[in-house]
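This report refers to the structure that appears directly beneath it.
The values are calculated or read from the model by the stated rules, or taken from the named source; none is laboratory data. These figures come from a predicted structure and were not determined experimentally. We place every Cβ from the backbone using ideal geometry, glycine too, and count neighbours over all the protein chains shown. With ligands, DNA and RNA removed, areas are computed over all heavy atoms of the protein, side chains included. Shrake-Rupley method; radii C 1.70, N 1.55, O 1.52, S 1.80 Å.
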Amino acid sequence: MTVRKLTLSAAATTTVLLLCGSILGATSATAAGPAPTSPTSATAPATTASARAEAPGAPGAPGTPGVPTTLAPPATGTTSEATVVRPAQGSAPATTTAAPALALSSYDPKAGTAVLAPTGAGSAEAQPGKAESAQSQAQAAAAAVQPGQLIDSPPTPAAPHGALVAVTAVQPAADGTVAVTTRPATLPELLGATSADLHSAISPAAFEVKPWISGLQVTTDLGPTSGSGSVSGGLGLSADATVPLPGGSSAKLSGSVELHPAVDFSYRGGLGLIDPQQARIGFTLGAHAEWHVSAALTGSTGPVRIALASYNASPVVMVGVLPVVINLAFTLYADISADGTVTLDAEQAYDGTWGVHSDYVKGPGWTTTTDPGTSTVSPLRLDLRGSATAKAGLLAEASVALYDTVGVKASIEPYLRVAVNGSVLLDATHPEPEVNGTIALYGGLDINGALMARLVVLGTPILEQDLPFLAFHREWPITSWSAGQSPVPLVNWTTLSAGLIDDNQSAYLRTRPDWDPSALKASCPDGSRLLGLAHGSDNGLCGDVDRANLWDANRGYVVDHGGTYVNTDWAPGYAKAQCPAGSFVSGYSRNGRTLGVLCAESATPLGTASRTLWFDKGDNRPAVAGGGDFAYGFGKGQCADDEFVAGVAYSQPWWQLWAARPYALLCQKLA
């Protein structure tokens, strides 16, 4: 008997099923970036490296000369030599010097001190019969290494992330080494006004993998290797482990994950050595997973994140003869949560890719971009029993850096959320689902992260703090089943995200004129009400818990921005948007430094008891909060199940003066 596979399209599910801990995520590279290498094609080129000379007058980098750009093969274990160069002059990149073969034997970035030691053919150890003394070697090195020059070092034991520094003073030592004092250098000093581009898969051999749970095995498929050191293989994990959960329960994880990481780097220099015309740093990650999870979850479980394995690599991009060090790190987690009691046994297959990039353009500055990519999921087995809303996924947290300055950090979690009241069985022996009660499946994708503002190695002007980029969140219904005895009505939760485009979930409002022109906006599904908002992002949470179909049949509504209906100062010092009596907030909008609320007329009388709920310092939600983590990484406010949002207090964070953010909610009783 064949196994029934329900294949969900990418449009309907960017990632989805594996109730508890399956799904690793994926988004394609940004629209502006190179297309990602297919993670499933063994014959696809693993490296796309281009160095192009822009034609005079081309936007962004007129007349910028191209430099051949490749990914260096993984280190073979020998000491990596540092490159000593003269700084870039005009449009030309830095030029090499006659310095002997040297490597960083010690490096203190805080103190700005380093020691260079002879290596390779030029060292006394390599040629013990050579008459030249250690002292004369040091004198020769000191004569070749001069103040004002740059030291560009690949990763070494002394500098695991590599180093790019400018020499400020030189002192030879009697043991053949050279001590130098340094200051941090920048890529414009190294690359000048050149142009370089690289999108390349990273060799699995370059990664150091650390398992975090017992029963986890790491596999490496090197695949075919080209002459340039590119690979089409992947990193693998296979698991067969039991992980304890809070409350004395446990989850059994088994299956495999195959990863295909790649990095993106581009640079277009300007006419000066202060900052470039354009730059990019980012990564893509392809994944194939076949995962099996079984667990008994209760409301006391709460969100549980189980670290599976961490990966670290420091690939070296060769721009001509000049090495540029990129550091990539990511950790995989199984993420599990429930707000009721449910037992599950789920098995699925997942394929997809995703990416995140930070781009710099002189003038506008930095932007960070990520898009949900094409992903498919095939549920192979599903056995759910109980009454709860449960959510789970396989979360990846990643960061990418130049040398030791982190540029981008991001997390992605494709997940499945299930609302179950009864039971469902789907496997090879049941071609059609066996259902008793009501089951609803939802797919979702969360992408969050930040541009790390201390990416000083690029020499770009930027504030000294992390700058969160607008989070991506999407959740969609997959399918639902209802059979057998009449079930208890299920609560519908909907996450809204208006960070990039409007998110109008109201079917009625989609047929009406724009309810807040020129603003980014989001509205709850008809009959639901707003229950939560996030500080620092444009995410919200809708629900119909305790009162479904609350909107009046006439569909009356008003929009407030300036506090027209505020009758008491419930959040002193903050601007407010509030609904009139008899209405509830069912949507929100942001137009720069102003927030608005969409007020829907209630079909039944509403209560008047109210309270102010602050959430600018962190989460302020019910102890057992439905709807899950609707804005991962941001503080969230959520009214109780028997309340509705009557108003929003807002201001501008000191680090984001161009965008209003909510600080407090006015929560009011339903009755």
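Amide H to amide H distances under 5 Å link LEU380 with GLU347, GLN348, ALA349, where only residues 5 or more positions off or on other chains count and H is placed in the peptide plane.
Once backbone amide H atoms are built at 1.01 Å from N, VAL356 has PHE283 as its partners under 5 Å, excluding neighbours fewer than 5 places away on the same chain. Between LYS669 and ALA581, the modelled labels are 1.6 nm apart [label points 7 Å from Cα along Cα→Cβ]. Distant-in-sequence amide contacts of LEU71, defined by a placed amide H-H separation under 5 Å and a gap of 5 or more residues or a different chain, comprise MET318. Derived from the Cα gyration tensor, the three semi-axes of the equivalent ellipsoid of the stretch 525-627 are 21, 18, 14 Å, largest first. The phi torsions of the stretch 620-635, fed into the Karplus equation with coefficients 6.51, -1.76 and 1.60 and a -60° offset, translate into couplings of 9, 9, x, 4, 10, 9, x, x, x, 7, 7, 8, 4, x, 10, x Hz, rounded to whole numbers, with Gly and Pro shown as x.
Stretched out fully, how many nm does the piece from SER480 to SER256 gain, at 0.36 nm a residue minus the Cα gap?
77.8 nm
The length gained by stretching the chain between ARG381 and THR604 to full extension, at 0.36 nm per residue less their Cα-Cα distance, is 76.0 nm.
Spin-label pair ASN591-ARG611: with each label point 7 Å from Cα along the Cα-Cβ axis, the two points sit 3.4 nm from one another. Dividing the mean sequence gap of close Cα pairs (under 8 Å, 6+ apart) by how many residues the stretch 596-669 holds gives a relative contact order of 37 percent. With a Förster radius of 22 Å applied to the C-beta separation of ARG86 and ALA169, the computed FRET efficiency comes to 0.85. Note that the stretch 106-117 has calculated 3J(HN,Hα) couplings of 8, 7, 10, x, 5, 7, x, 10, 8, 10, 9, 10 Hz, one per residue in order, obtained from phi through the Karplus relation 6.51 cos²θ - 1.76 cosθ + 1.60 (θ = phi - 60°); glycine and proline are x. Here the accessible area of the stretch 624-671 is 61 percent carbon and sulfur, with a 1.4 angstrom probe and all protein chains present. The lysines within cross-link reach of LYS252, meaning a Cα-to-Cα straight distance under 25 Å and a gap of 8 or more places when in the same chain, are LYS5, LYS210, LYS391.
Positive end of the dipole of the stretch 494-587 (Cβ unit charges, origin at the Cα centre): among HIS561, SER537, PRO525, the Cα lying farthest that way belongs to PRO525. If the segment from THR96 to ASP569 were pulled out straight at 0.36 nm per residue, it would be longer than the present Cα-Cα gap by 163.6 nm. Here the Karplus curve 6.51 cos²θ - 1.76 cosθ + 1.60, taken at θ = phi - 60°, turns the phi angles of the stretch 568-577 into couplings of 8, 7, 7, 9, x, x, 10, 5, 9, 10 Hz, with x standing for Gly and Pro.
Going by the alpha-carbon gyration tensor, a ≥ b ≥ c the square roots of its eigenvalues, is the stretch 487-568 rounded (a/c under 1.5) or, if a/c is not under 1.5, prolate (a/b greater than b/c) versus oblate? The shape class here is rounded.
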